[in-house]
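Just so it is clear, none of the values below were taken in a lab; they were calculated from the coordinates. Remember, it's a predicted structure, so these values are computed and weren't measured experimentally. Glycine gets a Cβ as well: all are built from the backbone with ideal geometry, and neighbour counts include every protein chain shown.
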Amino acid sequence: MSSNYQLILASKSPRRQELLKLLDLNFEVRVKSIEESFPEAMPAIEVAEYLANQKSDAFEHLGDKELLITSDTVVIHKDHILGKAKDRAEAFEMLNLLSGNTHKVATGVCLRTKNKRHSFTEVTSVTFDQLKEVEIDYYLDTYKPFDKAGAYGIQEWIGMIGISKIEGDYYNVMGLPLNRLYKSLKDF
């Protein structure tokens, strides 16, 4: 895919950078920090796209040929957002909640140039088998997933042994819905 734009990925996440590289696109990384907060009454399914737009708005000036990509991913269990675990105990609690249940992973993406904006949310359903405490303990002690929404990475051991079903984009659960992102970039 040839582009008339210089792509800018606004993410310090090595995982998102690796995912975007899989599309064989040239891009540079620029990061601006924002307070990742959202209105309390906002439905959980809308939060990721809202935050992706907030991240985009942090970049006040874009060049004429620059296209900014921002994103955010949230794990939603029964309409409640599971963020990044503050500590091991909270991570254990999150994985115990997800165990034996289906949850949603929503990634919001915002594409923006100087004169145009397009944002969307991609949702994937993920079902975990019933996990044993020893499996959760092993995963937390070995992989330390405290920087991940919902306290897990689908591409890690816990995903291999614990996830029995996925409906939607696998890469979305990793943090970037590559199929929809590629199509949106082509159409931008």
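Diffusion coefficient of the range 13-107 by Stokes-Einstein, Kirkwood radius over Cα pairs, 20 °C, 1.002 mPa s: 138 µm²/s. Put simply, the range 70-112 fits an ellipsoid with semi-axes of 23, 13, 6 Å; these come from the alpha carbon gyration tensor as the roots of five times its eigenvalues, largest first.
If I build a Gaussian network model for the chain, linking alpha-carbon pairs within less than 10 angstrom, which residue out of I136, I76, I161 has the largest mean-square fluctuation? Highest fluctuation among the options: I161.
If I stretch the segment between E28 and N179 completely, what's the gain in nm (0.36 nm per residue apart, minus their alpha carbon distance), one decimal?
Once the chain is fully extended between E28 and N179, it gains 52.3 nm.
Rg/Rh, computed from the Cα trace of the range 109-188 with Rh as the Kirkwood radius, has the value 1.11.
Rounded to whole Å, the principal axis extents of the Cα atoms in the chain read 54, 35, 25, largest first.
Protection proxy ranking for 48-56, 169-177, using the average of other Cβ atoms within 10 Å per residue and placing the highest first: 169-177, 48-56.
Once the Cβ-Cβ distance between N4 and K144 is put in as r, and R0 is 30 Å, what FRET efficiency do you end up with, to the nearest 0.05? With R0 = 30 Å, the Cβ-Cβ based efficiency is 0.10.
For the range 31-90, the tally of Lys pairs with Cα-Cα distances below 20 Å comes to 5, considering only residues 8 or more apart or on different chains. When the helices of the chain are scored as -39500 (n - 2.57) per DSSP H run of n ≥ 4 and the total is divided over every residue, the value at 222 nm lands at -10000 deg cm²/dmol.
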